[in-house]
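Everything on this sheet refers to the single structure shown next.
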Amino acid sequence: IVERNTFVPTRKTARFQTEPGKAVFDAGIFQGERPVADQNLFLSRFHLDVAEGGDEVEVTVEIDPNDTTFTAKSSKTGKTQSISLRADETRLTEEQIDNILRENVYPSKDEFPAKPNEDD
């Protein structure tokens, strides 16, 4: 929902449609840029009870220097669920960021450029 290099503080919202017959909106929270969620860094998960006949859920992400808050709201039931994660729980190290970016550019290990020889 929030793109890399977005200025903080920020607030972004997205809407999701639930399937008819589903009574729970299950939201996984991930950090990363890969198109498949499971290939990104898993942070947390939360659930929201929704209308079983299909529902629209509005998810808002609010980020400030101290924490990130995720809020989901059902358009039909009006119910909300929130979770806050401290910045120190979600902040990636420079090494982790470099690895993620490198893996995005070179998805296969065979495509990695050779590391320079530090002895030269």
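The values are calculated or read from the model by the stated rules, or taken from the named source; none is laboratory data. Everything quoted here is computed from the prediction, not taken from an experiment. Because the Cβ atoms are built from the backbone with ideal geometry, glycine has one as well, and the counts that use them run over all protein chains shown.
When the stretch 7-38 is filtered for residues that are more than 27 Å from Asp64 (Cβ to Cβ), at pLDDT below 90 and touching a strand residue (DSSP E or B) at 6+ places or on another chain (Cβ under 9 Å), only Asp38 remains.
Of all residues in the stretch 36-69, those satisfying the criterion of being exposed (fewer than 14 other Cβ atoms within 10 Å of the Cβ), among the small types (Gly, Ala, Ser) and farther than 27 Å from Leu101 by Cα are Gly53, Gly54. When Glu52, Glu56, Glu33 are checked against the criterion of being within 15 Å of Glu3 (Cβ to Cβ) and either among the aromatic types (Phe, Trp, Tyr) or touching a Lys or Arg at 6+ places or on another chain (Cβ under 8 Å) (or both), Glu33 stands alone in meeting it. Taking (1) among the basic types (Lys, Arg); (2) exposed (fewer than 12 other Cβ atoms within 10 Å of the Cβ); (3) modelled with pLDDT of 90 or more in turn, Arg4 satisfies each apart from (3). Taking the criterion of being outside any strand (DSSP E or B) and among the polar types (S, T, N, Q), the only residue of the stretch 17-36 that qualifies is Thr18. When the residues of the stretch 24-35 are narrowed to those that are in contact (Cβ under 8 Å) with a residue 60 or more places away in the chain and among the charged types (D, E, K, R), which ends up surrounded by the fewest Cβ atoms within 10 Å (Cβ to Cβ)? Residue satisfying both the conditions and the ranking: Glu33. The selection criterion, being without any contact (Cβ under 8 Å) to a residue 60 or more places away in the chain and either within 18 Å of the chain's Cα centre (by Cα) or surrounded by 15 or more Cβ atoms within 10 Å (Cβ to Cβ) (or both), does not hold for Gly21.
Taken over the stretch 85-96, the criterion of being surrounded by 13 or more Cβ atoms within 10 Å (Cβ to Cβ) and either at pLDDT 95 or above or among the β-branched types (Val, Ile, Thr) (or both) is satisfied by Thr90 alone.
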